[in-house]
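Structure, as structure tokens:
Laboratory data are not the source of any read-out in this text; all were calculated from the coordinates shown. Keep in mind that what you see is a predicted model, and the values were worked out from it rather than measured. Ideal geometry is used to build each Cβ from the backbone, glycine not excepted, and the neighbour counts take in all protein chains shown.
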Amino acid sequence: MSMEELQQNAARYLMQTYTRQPLSIVRGQGTKVYDLAGREYLDFVGGIAVNVLGHGHPDLVQAIQHQAAQLIHTSNLYYTEPQVKLAQILVEHSFADKVFFCNSGAEANEAAIKLARRYSHDKYGAGRFEIITMKNSFHGRTMATLTATGQDKVQKGYDPLLQGFSYVPFNNLEELERAVTDKTAAIMLEPIQGEGGVYPADRTYLKQVRDLCSKKDVLLIFDEIQTGMGRTGTLFAYEQFGVQPDIMTLAKALGGGVPIGACLATDSVAKAFSPGSHASTFGGNPLACAAGLAVCHALLEGKVLEHARLMGEYFAKGLSDCKAQHRVVREVRGLGLLRGMHLDMEAKAVVSDCLARGILINAAGEHVLRFVPSLIITEAEIDRLLDTLAQIFSAQSA
Ligand SMILES: *Cc1c(COP(=O)(O)O)cnc(C)c1O
């Protein structure tokens, strides 16, 4: 199909929920993707923080091929080894004791919301069900998770929203303390707000939130769907803040591109779920978990995590140099290989300009460029992005 045909048929047959770039990607290799005409693009989007191992990583491909030939799906009526093994790795490398698997970020947050409600209900009785989330957050598009999301544009037109959510400004302890009542079951936040424009939490704030939660037996839920799996230079972002949650959600990078989500919790919280209280037909199926295992092995034993940390530091330095040289750059933010560049111009224009110059980036909000490349990105590739941005900003100010 030609690009014109693709666009026409997409308009004709697909619900129009997305604004897409005028690009059709047919193949990927490492940090590069290729369009219909065979043109190469350097990929700093990585399927929105999903393709941590890049495209076509041999270990991931082999794990998927092998598992597909062996067994793709069985349902959770039976035991499968990949699911148990992936849960074990996640538990051994995190604060958590137990894992529930599902198929996406929104579903992982649904599980977290249900688990928090159930825990509070069983321990304190009905009526203590409220969850406080942050303004400018992003937690997904299902009814519960769009209600949890503190952004009007995500909620608009979907009334009535779910009961029991309230919102406070991010990084503001006073307002949070004021919002906690005897009805509060949990506080839910992203250690770095990703979709909202790459805003990290303050270290002291997160510590104070943890103390507040512990004091009141309010559960602390970290949405690490975007920050997890090495994105910030450690397996999970919370490790760098020195604060542990009670519940954590993962998705995006967990399967390296194969859909999978997970909700992790401590034993005392996870006990609130018993047989029948939550479920998913596909959740943790052998194919997705085999992919998750390949990702974990590459990160932990294949030195990808170590490489990501080094590249994150290199990228951070390059971005601050870029800020120092170009007045249009107002601020650079982020950790590891989750970086944002706040501009005094429309981000959209820079995204298009980069595309024309053979680099994929995306915008998180009107004025923020977001960079979430695969963790196998190299210094030379980071330099190429920075050179291209410098050219665009110079042309802009000329
Ligand atoms: C992407 C994302 C989600 C939603 O994940 P889906 O797989 O699209 O449902 C939730 N929370 C955060 C922080 C995300 O980045």
Quick one: in region 215-231, of everything that is more than 12 Å from the ligand (Cβ to nearest atom) and over 18 Å from Gly257 (Cα atoms), which residue is surrounded by the most Cβ atoms within 10 Å (Cβ to Cβ)?
Leu219
Name the residue that is farthest from the ligand (Cβ to nearest atom), counting only residues in region 104-153 that are more than 20 Å from the chain's Cα centre (by Cα) and at positive phi.
Gly125
Residue under evaluation Asp353, criteria (1) buried (at least 17 other Cβ atoms within 10 Å of the Cβ); (2) in contact with a strand residue (DSSP E or B) (Cβ under 8 Å, 6 or more places away or on another chain); (3) acidic (Asp, Glu), criterion not met:
(2)
Determine if region 69-81 includes at least one residue that is out of contact with any Ser or Thr (no Cβ under 8 Å at 6 or more places or on another chain), touching a residue at least 24 places away in the same chain (Cβ under 8 Å) and not in a helix (DSSP H, G or I).
yes
Quick one: would you say Ala126 is free of Cβ contacts under 8 Å to residues at least 60 places away in the same chain, loosely packed, with under 15 Cβ neighbours inside 10 Å, among the hydrophobic types (A, V, I, L, M, F, W, C) and not in a strand (DSSP E or B)?
yes
Hey, among Thr388, Thr378, which residue is surrounded by fewer than 16 Cβ atoms within 10 Å (Cβ to Cβ) and either of a type in the set (A, V, I, L, M) or under 19 Å from Val33 (Cα atoms) (or both)?
Thr378
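Out of Ala279, Ala262, Ala253, I need the residue that is within 14 Å of the ligand (Cβ to nearest atom), farther than 18 Å from Phe95 by Cβ and touching a residue at least 24 places away in the same chain (Cβ under 8 Å). Which one? Give the steps one after another, and end with the answer.
On the way: Ala279 fails: within 14 Å of the ligand (Cβ to nearest atom); Ala262 fails: farther than 18 Å from Phe95 by Cβ.
Matching residue, one of Ala279, Ala262, Ala253: Ala253.
Identify all residues within region 190-218 that are outside any helix (DSSP H, G or I) and of a type in the set (Gly, Ala, Ser); write none if there are none.
So the first thing to find is which residues in region 190-218 are outside any helix (DSSP H, G or I), and the list is 190-202, 217-218.
Scanning region 190-218 gives Gly194, Gly196, Gly197, Ala201.
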With Ala116, Ala96, Ala106, Ala111 as the choices, which residue is assigned to a loop (DSSP other than H, G, I, E, B) and either out of contact with any Asp or Glu (no Cβ under 8 Å at 6 or more places or on another chain) or not charged (D, E, K, R) (or both)?
Ala96
Out of curiosity, is Leu212 within 16 Å of the ligand (Cβ to nearest atom) and more than 17 Å from Ser137 (Cβ to Cβ)?
no
Filter region 263-278 down to the residues that are out of contact with any Ser or Thr (no Cβ under 7 Å at 6 or more places or on another chain), at negative phi and not basic (Lys, Arg) and list them by number.
Ala265, Thr266, Asp267, Ser268, Val269, Ala270, Ala272, Phe273, Ser274, Pro275, Ser277, His278
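Looking at region 372-397 only, could you name the residues that are of a type in the set (S, T, N, Q) and under 21 Å from His57 (Cβ atoms)?
To start, the set of residues in region 372-397 that are of a type in the set (S, T, N, Q) comprises 374, 378, 388, 391, 394, 396-397.
If the condition is that a residue be of a type in the set (S, T, N, Q) and under 21 Å from His57 (Cβ atoms), then Ser374, Thr378 are the ones that fit.
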